[in-house]
């Protein structure tokens, strides 16, 4: 089969040296290499970056939409990875021309709107941090309403209420995430990951430094159960990542839902026996296994990517 994997940072800007480009390239390489090992033909848009597997398609910022529209129609399956504010738009275009291996555009739009996503989870009984409004006080986390990863997320002593941001209570604890693959009728939890986060003492901005995966704890099954429930509520498909914080009393809060492959995938695939490519195809055919197997743990450091 012919498969299109499009990672936005790699496709539009070869000159960027930011961690976003490095993370995007690592995710793309992991996926393309896996599908290739499984015997599939894989193509990917690239602004000059080669990853050692698959076939690059010449692309840049101006031609990205055209390449997605044209090439998706020549493929049996496709998967898009892009910033949250662009992901639904380009996934919709891809899904009009081929079978989408990821979440639907509607689900992406809901998950990418941090404010509406948090409200939806709360309405469905999922424990989330309190959303601050005018008149509230206390230490809080301020992040873009439509944002990617921990970009422009800061710790503040006082709430700042703006239409393009979401302000929630700050909860100290263990930063964890669950990586899973969802289908219409089932979900497969891959791993619980320990997120390596730090807060810059000067800018007070949160920074993601990598993860340790998989971790084993007494809370794993509860985290998996919550993740499965969230997947059903939001109508997720394909690979998703759900971010949690567990406070000192063991109370679990859901922070974000990432409706696309995340950087944790790179660490997971380094030690997982199963091929992520085949698992994604299995999700389309409703043939996901009950579990996956690991050979040890992997410590993924962003500085090493």
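Coordinate-derived values only; no laboratory data. Just so it is clear, the model here is predicted, and its values are computed rather than measured. All Cβ positions, even for glycine, are placed from backbone atoms using ideal geometry, and neighbour counts span all protein chains on display.
Brief remarks follow.
- Computed E for residue 74/residue 196 - FRET, C-beta separation, R0 45 angstrom, nearest 0.05: 0.70
- Approximate spin-label separation residue 225-residue 275, in nm, with each point projected 7 Å along Cα-to-Cβ: 3.5 nm
- Estimated purely from DSSP H runs of n ≥ 4, each contributing -39500 (n - 2.57), the mean residue ellipticity at 222 nm for the chain is -9500 deg cm²/dmol once divided by its residues.
- C-alpha center-to-center spacing [segment 46-74, segment 223-257] in angstrom: 33 Å
- Entry note: segment 177-285 has Rg to Rh equal to 0.98, where both radii use alpha-carbon atoms and Rh is the Kirkwood radius.
- Label point of residue 126 set 7 angstrom out along Cα-Cβ; within segment 183-219, amide nitrogens under 20 Å from it belong to 183-195, 219.
- The packing ranking of peptides 265-272, 249-256, 293-300, 65-72, highest mean first, is 265-272, 65-72, 249-256, 293-300, where packing means the average number of other beta carbon atoms within 10 angstrom of each residue.
- Pairwise label distance in nanometres, residue 2 with residue 304, each label 7 Å out on the Cα-Cβ vector: 3.8 nm
- Packing-based ranking of 38-47, 120-129, 77-86 yields 77-86, 38-47, 120-129, ordered from highest to lowest mean Cβ neighbour count within 10 Å.
- Simple spin-label estimate for residue 184 and residue 38 in nanometres, 7 Å along Cα-Cβ: 1.9 nm
- Cα gyration tensor shape of segment 106-180, rounded if a/c is under 1.5, else prolate or oblate by comparing a/b with b/c: rounded
- Sequence-distant contacts, meaning Cα pairs under 8 Å at least 6 residues apart, place the relative contact order of segment 2-101 at 33 percent.
- Each Cα pair under 8 Å and six or more residues apart adds its sequence gap; the mean of these over the residue count of the chain is a relative contact order of 18 percent.
- Rounded to 0.05, the FRET efficiency of the residue 232 and residue 58 pair, given R0 = 41 Å and the Cβ-Cβ distance, is 0.55.
- Global form of segment 2-101, assessed from the alpha-carbon gyration tensor, a/c cut-off 1.5: oblate
- Principal-axis analysis of the Cα atoms of the chain puts helix 114-123 at an angle of about 70° to the longest axis.
- Kirkwood Rh, angstrom, segment 181-232 [1 / mean 1/r, Cα pairs]: 13.0 Å
- Available extension along the chain between residue 133 and residue 162 is 9.5 nm, counting 0.36 nm per residue and deducting the alpha carbon span.
- Cα pair distances in the chain, grouped into 20 Å bins until the bin that holds the longest one, percent each: 34, 59, 6
- Distance from the C-alpha centroid of segment 260-305 to that of segment 146-208: 21 Å, rounded to the whole angstrom.
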